[in-house]
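Enquirer: This is the structure, below, for whatever I ask next.
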Amino acid sequence: MTEVARAAAADPAGTSSAVPVPLSADGVPHGQPVLDRLVALLDLERIEENIFRGVSPEASPVRVFGGQVAGQALVAAGRTVPEERGVHSLHSYFIRGGDPSIPIVYEVDRIRDGRSFTTRRVVAVQRGKAIFALSASFQTAEDGLDHADDIPEVPDPESLPTYGEFVQPYKDKLGPFAKLPRPIEIRHVTTPPWLTGEPGPARSQVWMKADGRVPDENLLHVCLLAYMSDMTLLDSVLARHGVYWGDVIGASLDHAMWFHRPFRADEWVLYDSESPSASGGRGLANGRFFDREGRLIATVVQEGLLRPVRR
């Protein structure tokens, strides 16, 4: 692993940074030093021409966060593609829970290099077994038909409390995960299911952005949005039933994204998610990302494992 990635894994809160680490209203590190650590974790080490290695923060949940392995796999794919070709879609499966205590090896298969499109397949491996598989397609920029859904009417992010302010009264209820450093700022538009405790509309709306400034590298912004897309998406399923993660055992099963228009991950985007169905211990969620100008920038679909806890 690179020295920068090793340092980022050992210090996800960014306390070794020369820049003072800001604390949110509930005392959790956030801001530029924390975001810089996430960006460093996405800067994979190249081992061979098509093999890369990444690490996870030492202060991690029991499993590797799905958005992290998706973002790192997309970085691995992108490092084998010409810069002028941007990601337009990805399709992925979460095969096994990743162990955050050991590195992840990303093996890239160069499926096709066409005149307009490039296709890559990536398998993430730990202890000789696949934990995640991703296929991604890249395209040279082209002109064509153009239309999109309108952004829903929601309050501006500046009018909403920060995530730290929002969760401060409930931090004991949210458990140890709520104390992890926050490289992504989230502001809730809809009331999350862990607060209501009552069945309601199968919808989740949050404003999100990287909590600091991100370098001007298109692939990095796309990978950060992939990271963000695994956050709050399944809340739309849980909201329909008035339950939360303490009531169900959950994990991402598969994840697909389509990138429609240019954007910056360090500017506010609205993540509007709905759940059309839940059955068989699984829940399906559709998500749409809009920028501040109301443009639809990406679409997400994910199915997650949601098994009720037997008490």
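The values are calculated or read from the model by the stated rules, or taken from the named source; none is laboratory data. Because the structure is predicted, anything quoted here is derived from the model rather than measured. Note: ideal-geometry Cβ built from the backbone for every residue, glycine included; neighbour counts use all protein chains shown. These area figures cover heavy atoms from the full protein model, side chains too; ligands, DNA and RNA do not enter into them. Shrake-Rupley method; radii C 1.70, N 1.55, O 1.52, S 1.80 Å.
Enquirer: Test residue 232 against the stated conditions and say whether it is open to solvent by 10 Å² or more (accessible area, probe 1.4 Å), among the β-branched types (Val, Ile, Thr) and in contact with a Ser or Thr (Cβ under 6 Å, 6 or more places away or on another chain). Give the steps one after another, and end with the answer.
Expert: Values: open to solvent by 10 Å² or more (accessible area, probe 1.4 Å): yes; among the β-branched types (Val, Ile, Thr): yes; in contact with a Ser or Thr (Cβ under 6 Å, 6 or more places away or on another chain): yes.
Taking the combined requirement at face value, the residue satisfies it.
Enquirer: Going by the conditions given, is residue 4 outside any loop (DSSP other than H, G, I, E, B) and open to solvent by less than 40 Å² (accessible area, probe 1.4 Å)? Break it down stepwise before answering.
Expert: Values: outside any loop (DSSP other than H, G, I, E, B): yes; open to solvent by less than 40 Å² (accessible area, probe 1.4 Å): no.
It is false that residue 4 is outside any loop (DSSP other than H, G, I, E, B) and open to solvent by less than 40 Å² (accessible area, probe 1.4 Å).
Enquirer: Among the numbered criteria (1) at pLDDT 95 or above; (2) open to solvent by less than 20 Å² (accessible area, probe 1.4 Å); (3) part of a helix (DSSP H, G or I), which one does residue 255 miss?
Expert: Result: residue 255 passes all but (3).
Enquirer: Next question, about the same structure. Just to be sure, is residue 265 surrounded by fewer than 19 Cβ atoms within 10 Å (Cβ to Cβ), under 27 Å from residue 145 (Cβ atoms) and under 13 Å from the mean Cα position of the chain (by Cα)? Walk me through it before giving the result.
Expert: Details: surrounded by fewer than 19 Cβ atoms within 10 Å (Cβ to Cβ): no; under 27 Å from residue 145 (Cβ atoms): yes; under 13 Å from the mean Cα position of the chain (by Cα): yes.
Considered against the rule, which asks whether it is surrounded by fewer than 19 Cβ atoms within 10 Å (Cβ to Cβ), under 27 Å from residue 145 (Cβ atoms) and under 13 Å from the mean Cα position of the chain (by Cα), residue 265 comes out as no.
Enquirer: While we're on this one: Of all residues in the range 165-217, how many are among the polar types (S, T, N, Q), free of Cβ contacts under 8 Å to residues at least 60 places away in the same chain and buried (at least 16 other Cβ atoms within 10 Å of the Cβ)?
Expert: So in the range 165-217, the residues among the polar types (S, T, N, Q) come out as 168, 190-191, 196, 204-205.
Imposing the further condition that a residue be free of Cβ contacts under 8 Å to residues at least 60 places away in the same chain reduces the set to 190-191, 196.
Adding the requirement that they be buried (at least 16 other Cβ atoms within 10 Å of the Cβ) leaves 190.
Qualifying residue count, the range 165-217: 1.
Enquirer: Starting from residues that are hydroxyl-bearing (Ser, Thr, Tyr) and farther than 23 Å from residue 52 by Cβ, keep the ones in the range 110-149 and report whichever is farthest from the chain's Cα centre (by Cα).
Expert: So the first thing to find is which residues in the range 110-149 are hydroxyl-bearing (Ser, Thr, Tyr), and the list is 116, 118-119, 135, 137, 140.
Those left that are additionally farther than 23 Å from residue 52 by Cβ: 116, 140.
Details: 116: 27, 140: 24 Å.
It comes out as 116.
Enquirer: State all residues of the range 80-106 that are closer than 17 Å to residue 50 by Cβ and not in a strand (DSSP E or B); if no residue qualifies, say none.
Expert: Selection gives 80, 81, 82, 103.
Enquirer: Taking residue 222, is it touching an Asp or Glu at 6+ places or on another chain (Cβ under 6 Å), among the hydrophobic types (A, V, I, L, M, F, W, C) and buried (at least 17 other Cβ atoms within 10 Å of the Cβ)?
Expert: no
Enquirer: Looking for whichever is farther than 28 Å from residue 40 by Cβ and among the aromatic types (Phe, Trp, Tyr) here; the options are 268, 194, 207. Which one fits?
Expert: Values: 268 fails: farther than 28 Å from residue 40 by Cβ; 207 fails: farther than 28 Å from residue 40 by Cβ.
Only one candidate passes the filter, namely 194.
Enquirer: Still on this structure, please answer the following. Could you run through the range 253-286 and say how many residues are farther than 18 Å from residue 193 by Cα and of a type in the set (S, T, N, Q)?
Expert: 1
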